[in-house]
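The structure appears below as C-alpha cells.
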Amino acid sequence: MMNAGAQASTQKRLNVRRMTVISILSAVSIVLSMIPFVGYIPLGPVKATIMHVPVIIGAVIEGPVVGAAVGLIFGLTSLFKAFTEPTITSFCFMNPIISVLPRVLIGIVAYYVYAGMHKLTKRIYLSGFVAGVVGSLTNTIGVMGLIYVLYADKYMKAIGQAGNAGKYILTVCGMNGIPEAIVAGILTSAVAVAMIRKSKK
C-alpha cells in the first residue's frame, strides 16, 4: 500500500497532468474558434463544428471534470462569437443555456459512455468511437433541442422558414449532426486512444 506521502505525490502529478491537458485542449478550442471555416463552418443559417472534438478527447483521456472544463471553454467561445460576430441566429447563442450548458455536458456524457463501453467490450477503439459519436450528438441535440424549446418561433422567423419548427430542426440535426458525429467518432478513436496507450507505457 502507498504511504500518505506517495499518495499525495501521485495526486499532485495527476492534478498537474489534468491541468496541462485542460490548458492544451482549451488552447486548441480557442484557436479553432478563431480560424474561419475550421472551428465553425457556416452552412446557411446554421454552423457545423468540430469544436466538440477536443472536449470529447479531454473527457476520454482524463475524465469528466477535464471534459467539462474544456467544454466550458468551447461554450464560452460560442457565447463570445455570438456577440462579436453576430449572424441571424446569434440571438440563440447569446443565451448561455444554449451556448454553454450543452457544451459542458459533452465531456460528462462522453466520459461515461466511454467508460461504460470499455467495461462491456474491453475494446479501446470501439469505445472511443462510440464516445465520440454520442458526445457529438449530445452537442447537436442539446443545442438544437434548447433552441426549439426556447426560441422555436423566433428561430424560424429569423431564418425565413415557415412550417413545423420541430421537423425543420430535426432535419438540421440529421444533416449536420450525423456527419459531425461520425467525424468525432473517428478522431476520438484515433487521437484519444493513442494518447491513452502512450500514457500506459
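The values are calculated or read from the model by the stated rules, or taken from the named source; none is laboratory data. Since this is a predicted model, take the numbers as computed values, not measurements. Note: ideal-geometry Cβ built from the backbone for every residue, glycine included; neighbour counts use all protein chains shown. We work out accessible area using only protein heavy atoms, side chains counted, and drop any ligands, DNA or RNA first. Shrake-Rupley method; radii C 1.70, N 1.55, O 1.52, S 1.80 Å.
Things worth noting here:
Let's see how each residue does on (1) under 16 Å from Pro54 (Cα atoms); (2) among the hydrophobic types (A, V, I, L, M, F, W, C):
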site: Ile106; (1), (2): yes, yes
site: Phe129; (1), (2): yes, yes
site: Val134; (1), (2): yes, yes
site: Asn139; (1), (2): yes, no
site: Gly142; (1), (2): no, no
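- Residue in region 96-135 that is least open to solvent (accessible area, probe 1.4 Å), counting only those that are in contact with a Leu (Cβ under 8 Å, 6 or more places away or on another chain) and without any contact (Cβ under 8 Å) to a residue 24 or more places away in the chain: Met117
- Any helices (runs of 4 or more DSSP H) falling wholly within region 82-201 and containing at least 1 residues that are within 30 Å of Arg13 (Cα to Cα): 101-121, 124-158, 178-187, 193-200
- Residues that are open to solvent by 30 Å² or more (accessible area, probe 1.4 Å) and in contact with a Pro (Cβ under 8 Å, 6 or more places away or on another chain) within region 58-95 comprise Leu79, Thr87, Ile88, listed in sequence order.
- Qualifying residue in region 164-184 (condition: under 18 Å from Val55 (Cβ atoms), out of contact with any strand residue (DSSP E or B) (no Cβ under 8 Å at 6 or more places or on another chain), modelled with pLDDT of 95 or more and surrounded by 15 or more Cβ atoms within 10 Å (Cβ to Cβ)): no
- In this entry, Leu146 passes the filter for residues that are in contact with a Pro (Cβ under 8 Å, 6 or more places away or on another chain), of a type in the set (A, V, I, L, M, F, W, C) and either open to solvent by 50 Å² or more (accessible area, probe 1.4 Å) or closer than 21 Å to Ile106 by Cβ (or both).
- One residue from Phe80, Phe74 being at pLDDT 90 or above and over 20 Å from Ser136 (Cα atoms): Phe80
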